[in-house]
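Down below is the structure, laid out as structure tokens.
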């Protein structure tokens, strides 16, 4: 499913957080948003998973206006892993994943066999089948992220939106999460901090700074020393990944004052 | 759905070392059945236990007569009145109040995402108290007759919630932490207003009943106070039960709820209304009974887990049974004097609260 963000502007209490952003994620593409902290990545993604209503502009899923759909309908097409500290209620992993069925269920209907099968498959798919009976709060960061991916898969969406899915994870967990996401075959829109991870896993990158898209393209074309100096204020060298040839960055230390 | 199984992760997934065993839970049907048996038994005990020297046999006989509309001898009338007109409606009202407080506790905890919240923390109960005391002491809303107390409590609970909501709200939305802090501040404000009214009251008797009422009492219970309270509590339970799945989503965070197709702002507004209605109705008949809304949801959560579908099946029943017994205790501990219910619930609740704080690294909802 194709996602079109069409001239979206977000203004909160007089501050423009996102200005005139347009971008497209083609069906099955993994599209990364990169940019410094506070550049508007999360704000833009929140508009896509409907935690925030854009001040102007539209988001379309295969041409259908997201804001014209009711929220349950859009949640059946699009799932998200927001960046948020999770509450202190001790849900089990199975219960957390079952929440993914919410947009498919009536208010008081019981879980059907299909719901249960879908959840079990989603857990297996995210490599978290063995965690089903654990308490969610007792999991490690990487395990939690797997379970949340399973919840998103249980929504049976066609689009997956992720906001910094690798935050607070160790390197192995970061690679696990991104390869899971990549292997899902869904259209993926993700904010990422780590530029090297983004270069390895994304088909397309959009660089956002000050609420605007600075440049877009394949990682190889986008991640240039000039751009990194302009947007992030750092000096970097490009080297090809020895095995895959993907562009990777080596950063210089800042000059000592 | 795409399967991810063909793709092995970079490193085989590791489990957290020696994670705790899965939470042990009580089977839901067993628990609900148990509570459904315990509730009528408790109600019968409420009718049977008391200061006057009635035997159990007599008490049950009068209770049966009242329930079935049977006849009694003329010389039994005063005993019949004690059982059927005083004790039993009081026990029924205790059950209604307990169920309402427990249900509202569940709703408020999901709303602010914190297991240590209850209607008191949000200033709702004390807000309802302002309205109810205005009626008790100054005779406000006199035109509404029997509805005056409930309506005043409901309206002032609603106004209190609206005020807390308006103050806590920011252009970026409503965070649980702001809500809790605002609610706590308002709680003191509303309590001060009530206390002021008590002191300003002209006649001592009204002030005394208001003081009694500040700590919670079902001493004024009779059949006429049951329908409004029971109606509000039942309505609240239906709405909460209907929203159980959405409450799960809300408990995971506003962003997650939105991503799951639940509008967190709208759900929170619905919960505001339900909470105000139930709290208003309950406070109007029983005063301010603390800790039930805190303890019962938590205990229920330990027994059946955090899923609101199960939680809302268990917590109201447990709250009902608990409060029937608390009320019985309040009548017998210092008989013939009555202990305020708030004293007993605090005696049970404070140790529970401390244990709860010790057990959890409490973040109070985060921001």
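The values are calculated or read from the model by the stated rules, or taken from the named source; none is laboratory data. What you see is a predicted model, and the numbers here were worked out from it, not measured in a lab. All Cβ positions, even for glycine, are placed from backbone atoms using ideal geometry, and neighbour counts span all protein chains on display.
Might you let me know whether segment B:272-290 holds any residue that is without any contact (Cβ under 8 Å) to a residue 24 or more places away in the chain, assigned to a helix (DSSP H, G or I) and touching a helix residue (DSSP H, G or I) at 6+ places or on another chain (Cβ under 6 Å)?
no
Can you list residue pairs whose Cβ atoms sit under 8 Å apart, with the first residue in segment A:126-147 being within 10 Å of chain B (Cβ to nearest Cβ) and touching a residue at least 40 places away in the same chain (Cβ under 8 Å) and the second being surrounded by fewer than 20 Cβ atoms within 10 Å (Cβ to Cβ) and part of a helix (DSSP H, G or I)? Count only pairs 6 or more apart in sequence or on different chains.
Listed pairs, sorted by first residue: A:132/A:120.
Select from segment B:197-218 the residues that are closer than 14 Å to residue B:339 by Cβ and at pLDDT 80 or above and list them in ascending order.
B:216, B:217, B:218
With respect to residue B:224, determine if the residue is more than 10 Å from chain A (Cβ to nearest Cβ) and either in a helix (DSSP H, G or I) or at pLDDT 90 or above (or both).
yes
Every residue in segment A:99-118 that is within 11 Å of chain B (Cβ to nearest Cβ), touching a helix residue (DSSP H, G or I) at 6+ places or on another chain (Cβ under 7 Å) and not in a loop (DSSP other than H, G, I, E, B), please.
Hits for segment A:99-118 are A:99, A:100, A:101, A:102, A:103, A:104, A:118.
Here is a list: A:53, A:24, A:72, A:60. Which entry is surrounded by 15 or more Cβ atoms within 10 Å (Cβ to Cβ) and either farther than 22 Å from residue A:203 by Cβ or within 14 Å of chain B (Cβ to nearest Cβ) (or both)?
A:72
Okay, residues lined up against (1) more than 14 Å from chain A (Cβ to nearest Cβ); (2) at pLDDT below 85; (3) within 25 Å of residue B:177 (Cα to Cα); (4) surrounded by fewer than 18 Cβ atoms within 10 Å (Cβ to Cβ):
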| site | (1), (2), (3), (4) |
| --- | --- |
| B:78 | yes, yes, no, yes |
| B:83 | yes, yes, no, no |
| B:97 | yes, no, no, no |
| B:101 | yes, no, yes, no |
| B:115 | no, yes, yes, no |
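Would you check which residues across segment A:148-160 are facing chain B (nearest Cβ under 8 Å) and either over 23 Å from residue A:191 (Cβ atoms) or surrounded by fewer than 23 Cβ atoms within 10 Å (Cβ to Cβ) (or both) and list them?
A:156, the sole residue that qualifies.
If I filter segment A:163-172 for residues that are assigned to a helix (DSSP H, G or I) and within 14 Å of chain B (Cβ to nearest Cβ), do I get at least one hit?
Yes; the residues of segment A:163-172 include at least one that is assigned to a helix (DSSP H, G or I) and within 14 Å of chain B (Cβ to nearest Cβ).
Of the numbered conditions (1) under 15 Å from residue B:99 (Cα atoms); (2) away from chain A (no Cβ under 12 Å); (3) buried (at least 23 other Cβ atoms within 10 Å of the Cβ), residue B:240 fails exactly one; give the number of that condition.
(2)
Could you run through segment A:203-237 and say how many residues are touching a helix residue (DSSP H, G or I) at 6+ places or on another chain (Cβ under 6 Å) and assigned to a helix (DSSP H, G or I)?
Residues in segment A:203-237 being touching a helix residue (DSSP H, G or I) at 6+ places or on another chain (Cβ under 6 Å) and assigned to a helix (DSSP H, G or I): 1 in total.
Just one of the numbered conditions (1) crowded, with 24+ Cβ neighbours inside 10 Å; (2) modelled with pLDDT of 90 or more; (3) closer than 23 Å to residue B:95 by Cα is not true of residue B:274; which one?
For residue B:274, the failing item is (1).
If you check B:358, B:331, which single one turns out to be out of contact with any helix residue (DSSP H, G or I) (no Cβ under 9 Å at 6 or more places or on another chain), modelled with pLDDT under 90 and in a helix (DSSP H, G or I)?
The conditions single out B:358.
Specify which of the listed residues (A:3, A:34, A:48) is touching a helix residue (DSSP H, G or I) at 6+ places or on another chain (Cβ under 6 Å) and under 27 Å from residue A:195 (Cβ atoms).
The match here is A:34.
If only one of A:119, A:47 is buried (at least 20 other Cβ atoms within 10 Å of the Cβ) and under 18 Å from residue A:184 (Cβ atoms), which one is it?
From the options A:119, A:47, the qualifying one is A:119.
Can you work out which of the residues in segment A:63-98 that are under 26 Å from residue A:121 (Cα atoms), part of a loop (DSSP other than H, G, I, E, B) and touching a strand residue (DSSP E or B) at 6+ places or on another chain (Cβ under 9 Å) is modelled with the lowest pLDDT?
Ranking the qualifying residues of segment A:63-98, first place goes to A:84.
If I ask for residues that are assigned to a helix (DSSP H, G or I), in contact (Cβ under 8 Å) with a residue 40 or more places away in the chain and closer than 18 Å to residue A:95 by Cα, which ones from segment B:299-328 would you list?
Scanning segment B:299-328 gives B:300, B:301, B:303, B:304, B:308, B:309, B:310, B:311, B:312, B:313, B:314.
Taking only segment A:106-140 into account, find how many residues are over 18 Å from residue A:183 (Cβ atoms) and under 16 Å from the mean Cα position of the chain (by Cα).
So the count comes out to 0.
Do we have residue B:267 as modelled with pLDDT of 85 or more, surrounded by fewer than 23 Cβ atoms within 10 Å (Cβ to Cβ) and either closer than 27 Å to residue B:229 by Cα or more than 16 Å from the chain's Cα centre (by Cα) (or both) here?
Yes; evaluated as a whole, the condition is true for this residue.
Working only within segment A:27-50, note down all residues that are in a strand (DSSP E or B) and away from chain B (no Cβ under 14 Å).
The answer is A:31, A:32, A:33, A:34.
Could you tell me whether residue B:280 is on the phi > 0 side of the Ramachandran plot and more than 14 Å from chain A (Cβ to nearest Cβ)?
So residue B:280 fails the test.
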